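What follows is a short report on a single structure.
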Amino acid sequence: MPTKVIQVDPLEPDADAIAEAAAVVRAGGLVAFPTETVYGLGANALDAEAAARIFAAKGRPPTNPVIVHLADLSQLDTVVAHWPAAAERLAAQFWPGPLSLVLPKHDRVPAIVTANGPTVAVRMPAHPVAEQLLRAAGVPIAAPSANRSTGISPTTAAHVLRSLSDRIDLLLEGGTTARGLESTVLDLTVDPPRLLRPGVIGPAELSAVLGCQVVVADDLQHRSLGIRSDLGSGEGLAKSPGLSARHYAPSVPVECVEQGGRTRVAELCSQGLRVGWLCWVGTSAVAQGSGPYPVEQIVMPREPAAYATRLYAALHRFEELEVDRILVDLPPAEEGWLAVRDRLRRASSPA
Ligand code: TXA
Ligand code: MG
């Protein structure tokens, strides 16, 4: 059945629409809704059957746990077994907001939500639609990004429909999401805390609030900053399931270059490929309009937050245009670009 779509004002959503969506969640159904990061695919986090529907709809492997969303701190009681002082400090500073904290799980959370693991990721989203849905549902909501497993996360309702059109019960259409990248995921079950997925809240901000240096997962540094890893494969810290390399991948092959994008685009074009080029302000068109294989160019902002907001929409656009190859001029290997580079690296890693 095609998904029912209800348009809502992102800042002041209609109470009837929220009530309808909340009823779907309480009845064990699936609701897609906007958060400040990306659209989520939500189900009652305390209902194993409902949570199983998320995995089925996304084609998500059961080894990849989902984030549990909360309306307020009172909902923590049924979700986490232990709430350390570090979590209290981080929540006071960053919640509601794009930070997911990995903590020991409460028995009430079904095993499927945490992929059978002893920990659960929790966050409180900063979006009026998400907040009001959570409040009206009265239960914590498990919600991964609302896309097929390994696809690009959705930043608009149209993106959700492109990949999950007939697989959800209700979609609250509430505009474009502001942040554009998924939340930062921080593991607080290890000491010192470990960054499992970079996001708009960076390691320096987290470290400042915690009063200790956050550890950046080894393979993440390696991938995103271009830092060589000392650890051989299979050694070192256990990986987060979400760190599996190919996690945010468009259906079109993606190639990233540190420099020389223009030359590479010309090369690909001369091989007869239609190229989508994610480039920078100030880069002039390469083969625009010339030759039989036009380049589709999307010019990106030079500021990390603005870039992040537009990244997934650009990748979705190239998919729609059915280019043969996406060529990305990588942003600099600096901490401010950690999250963006992480997503681009994942998008370009081989299947
Ligand atoms: O911004 C976001 O976080 C969005 C919105 C909808 O809230 N959600 C999202 O969910 O991105 P998802 O499922 O696409 O990504 C969740 C990430 C995955 O990398 C997953 O492996 C990791 O969080 N994760 C979830 N629970 C975990 C746990 N207990 N331990 C370690 N990593 C966990
Ligand atoms: Mg996802």
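The values are calculated or read from the model by the stated rules, or taken from the named source; none is laboratory data. Everything numeric in this text was worked out from a predicted model, so none of it was measured. Glycine gets a Cβ as well: all are built from the backbone with ideal geometry, and neighbour counts include every protein chain shown. Ligands, DNA and RNA are excluded from the accessible area calculation, which covers all protein heavy atoms including side chains. Shrake-Rupley method; radii C 1.70, N 1.55, O 1.52, S 1.80 Å.
So here's what we get for this one:
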item: Share antiparallel - DSSP beta bridges, the chain, percent rounded to 5; result: 40 percent
item: Chymotrypsin sites (Phe, Trp or Tyr not before Pro) lying in DSSP loop within segment 23-109, provided at most 11 other Cβ fall within 10 Å; result: none
item: HN-Hα J in Hz across segment 333-340 - Karplus 6.51, -1.76, 1.60, θ = phi - 60°, x for Gly and Pro; result: 7, 10, 4, x, 9, 3, 5, 5
item: All Cα pairs of segment 6-65, percent lying beyond 15 Å; result: 54 percent
item: Fraction in percent of alpha-carbon pairs per bin - 10 Å, segment 167-216; result: 23, 38, 19, 17, 2
item: Rounded to the nearest 20 debye, dipole of the chain from Cβ charges on Lys, Arg, Asp, Glu; result: 660 debye
item: Amide H contacts under 5 Å for Glu255, placed H, 5+ residues apart; result: Ile326, Leu327, Val328
item: Principal-axis tilt of helix 304-321 within the chain, Cα atoms, nearest 10 degrees; result: 70 degrees
item: Cα-based equivalent ellipsoid, segment 2-144: semi-axes from gyration tensor eigenvalues, Å; result: 22, 19, 12
item: For segment 113-219, projected area of the alpha-carbon convex hull averaged over all directions, nm²; result: 8.4 nm²
item: Residue-wise HN-Hα coupling along segment 188-202, computed from phi with Karplus coefficients 6.51, -1.76, 1.60 (Hz; x: Gly, Pro); result: 9, 8, 10, 10, x, x, 10, 6, 9, 9, x, x, 5, 8, x
item: Surface accessible to a 1.4 Å probe, per residue, for the residues of the chain, Å²; result: 41 Å²
item: For segment 60-111 and segment 303-330, distance of Cα centres in Å; result: 31 Å
item: Shape box of the chain [Cα atoms, principal axes, largest first, Å]; result: 61, 49, 33
item: The chain: relative contact order as a whole-number percent, Cα under 8 Å and 6+ apart; result: 19 percent
item: Fluctuation leader among Asp47, Asp107, Asp169 - the chain, Gaussian network, Cα springs under 10 angstrom; result: Asp107
item: Over segment 61-113, equivalent-ellipsoid semi-axes from the Cα gyration tensor in Å; result: 20, 13, 10
